[in-house]
Amino acid sequence: ESEDFFESCTPRLDDTYRFYLNKVTGLDREYNSGALHIRDLLSPLFGTLKESVQFNYCFDIAWMVKQFPPEFRDRPVLIIHGDKREAKARLLQQAQPFPHVRFCQAKLDIAFGTHHTKMMLLWYEEGFRVIILTSNLIRADWYQKTQGMWMSPLFPRLPEGSRPSAGESPTFFKRDLLEYLASYRAPELEEWIQRIKEHDLSETRVYLVASTPGRYVGPDMERWGHLRLRKLLHEHTNPIPGEERWPVIGQFSSIGSMGADKTKWLAGEFQRTLTTLGKSSLHPSPPIHLLYPSVEDVRLSLEGFPAGGSLPYSIQTAQKQLWLHSYFHRWKADRSGRSHAMPHIKTYMRVSPDFTQLAWFLITSANLSKAAWGALEKNNSQVMVRSYELGVLYVPSAFDMKTFPIDETPFPVSSSTSGFPVPFDLPPTSYSPKDQPWIWNISYSQEPDTHGNIWVPS
Ligand SMILES: O=C(O)c1ccc([N+](=O)[O-])cc1C(=O)O
């Protein structure tokens, strides 16, 4: 009943899917109804906080502390980060005035890997909650960007003496979360692994899709990254008649180097994963729509060109893969009032030809990169993952459905619909011949942005 109490006090939230967008400053209020700010997440309305863990990439510690309500501002916070050497020293220096903030450096032993995972573990008097999200712990990520999150139910404590395997969900979320945390091999996380074991996660209806750095062979190849996603789609979705006409959509805020042509990774192993539906041995080639902001999208955004500071696609990478840009579609999100709130959210999905249904939906920290998703090596006998990533997969079978209907008007949120709130407009809008993908390290000085400025990177 504590869950009902909190839910009844909190803003009316669509809790079928527990998928929420961040509030965006400056939108008509209806487009923020049902959206959440970080201060909402940390509010006593969701639980009486005892301690928390913040997994992230970029931190403003003083700003983060201020996002906790005063009564929780001195509760211990463990920061899980990937910084090394001088960057680590700067991060620890930020927390000098805050003795309740502790740090754990995630191992990054493979070059070019990052600790990209964004997750909150919230331990309350009443139980435990997990939030998996796309926002960094800096003001700019919670101001005028499109960001998303999955918020778990409140997980109650298990009765004393319960077996550790108790409290498992139909999607094995408890086992998979514990295995992900164990992959850090960090002493600071041991007590959190123990705490989670003592809680009942059985109401969880999403599958965990994680990446953790390493080179994996044999059965371990399917534990992380895109081969994990392929395994889940193989086991928990079903073939669809005419599936070759069901487009795949990938939407992201950064892009890695993917080789000289599409067969090197994108249209090979990655497409094989994204087009998996059940155990059919067909390998269709459905349309693949990639959503990534154009220069005009950035120039006309609420933030203007500075939004491009969080869209780190470099000219050095782009010029090696011009073939990629033919897949690109603009960022357009009138349905959520967020066409001008640049995306930092990352979503992947499989949609029906008429764009009214979903075969599955993934929200994740993972951008379009081999570092995040993993790449096969050694004649496909090994997969190499460079970064930590975390996301959750929604499949209709976990919600007793065959497909998810898409809610074409997700705002203002209404508990009446069972539709999935896809945050951007469908069908996607192709780049015009004049559109170019946003590249963050070249100049744009022909036309000013919404603030009257031009972009001249140093
Ligand atoms: O999410 C992103 O789009 C992103 C892209 C690249 C890097 N990076 O190069 O470390 C960090 C982030 C981040 O915001 O976590």
Revision key, fill the gap. In Å, the C-alpha Rg and Dmax of the stretch 133-189 are 15.8, 47
Exercise for review: Would you tally the net charge around M258, using a Cβ to Cβ cut-off of less than 12 Å, leaving M258 out, and scoring K and R as +1, D and E as -1?
Suggested key: +2
Revision key, fill the gap. Phi angles of the stretch 378-388, converted by Karplus (6.51 cos²θ - 1.76 cosθ + 1.60, θ = phi - 60°) into ³J(HN,Hα) in whole Hz with x for Gly and Pro, give 6, 6, 6, 9, 8, 10, 10, 10, 9, 10, 8
Review point. Between R245 and T48, what length in nm is gained on full extension when 0.36 nm per residue of separation is reduced by their alpha carbon distance?
Key: 66.1 nm
Practice item. Report the Stokes-Einstein translational diffusion coefficient (µm² s⁻¹, integer) for the stretch 392-458, Rh taken as the Kirkwood radius over Cα pairs, at 10 °C with viscosity 1.306 mPa s. Key: 98
Check your understanding: Full extension from N379 to K88: what is 0.36 nm times the residue separation minus their Cα-Cα distance, to one decimal in nm?
Key -> 101.0 nm
Study note, to complete from the structure: Computed on Cα atoms, the radius of gyration and Dmax of the stretch 208-341 in angstrom are 16.9, 48
Point to revise | Cα-based Rg / Dmax (Å) for the chain | key: 21.2, 68
Check your understanding: What is the chain's relative contact order, in percent, from Cα pairs under 8 angstrom and six or more apart in sequence?
Key -> 18
**Study point:** Proximal aspartates and glutamates to K320, defined as alpha-carbon separation beneath 14 angstrom and excluding residues fewer than eight positions away on the same chain
**Key:** D261
**Study point:** Over 26 Å between alpha carbons, listed pairs K23/K434; K50/K84; K332/K434
**Key:** K23/K434; K50/K84
Point to revise | Shape call, the stretch 124-239: gyration tensor on alpha carbons, a/c limit 1.5 | key: rounded
**Study point:** Projected label distance in nm at E235 and S458, using a 7 Å step from Cα toward the beta-carbon
**Key:** 4.9
**Study point:** Note, ³J(HN,Hα) from phi for the stretch 221-233, Karplus 6.51, -1.76, 1.60, rounded to Hz, x at Gly and Pro
**Key:** 4, 9, 7, 9, x, 6, 6, 5, 4, 4, 4, 5, 5
Point to revise | Translational diffusion coefficient (Stokes-Einstein; Kirkwood radius from C-alpha pairs) of the stretch 164-225 at 37 °C, 0.692 mPa s, in µm²/s | key: 263
Point to revise | Cut-off 13 Å between beta-carbons: net charge of the residues surrounding A372, Lys and Arg +1, Asp and Glu -1 | key: +4
Review point. Per-residue HN-Hα couplings for the stretch 80-90, Karplus 6.51 cos²θ - 1.76 cosθ + 1.60 at θ = phi - 60°, whole Hz, x for Gly and Pro?
Key: 9, 9, x, 6, 10, 6, 5, 5, 5, 5, 5
Review point. Dividing the Cα convex hull volume of the stretch 30-106 by residue count, how many Å³ per residue is that?
Key: 103
Check your understanding: What is the local net charge at I406, summed over the other residues whose Cβ is closer than 12 Å to its Cβ (Lys, Arg +1; Asp, Glu -1)?
Key -> -2
Review point. Of the cross-linked pairs K262/K370; K174/K231; K88/K118, which ones have a Cα-Cα span greater than 21 Å in the structure shown?
Key: none
Practice item. Post the alpha-carbon centroid distance, the stretch 153-222 to the stretch 236-286, in whole angstrom. Key: 28
**Study point:** Descending semi-axes in whole angstrom, ellipsoid equivalent of the stretch 329-441, from the Cα gyration tensor
**Key:** 27, 22, 13
**Study point:** Sites F98 and R185, calculated FRET efficiency, Cβ-Cβ separation with R0 25 Å, nearest 0.05
**Key:** 0.40
Exercise for review: Figure the gain on full extension for A62 and T450 (residue separation times 0.36 nm, minus the Cα-Cα span) and round it to one decimal in nm.
Suggested key: 136.7 nm
Exercise for review: Would you compute, for the Cα atoms of the stretch 39-160, the largest minus smallest coordinate along each principal axis and list the three values in descending order, in whole Å?
Suggested key: 43, 38, 29
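Here, each number is a calculation from the coordinates, and none is a lab measurement. Predicted, not measured: the structure shown is a model, and the values here were computed from it. Note that each Cβ is placed from the backbone with ideal geometry, even for glycine, and that neighbours are counted across all protein chains shown.
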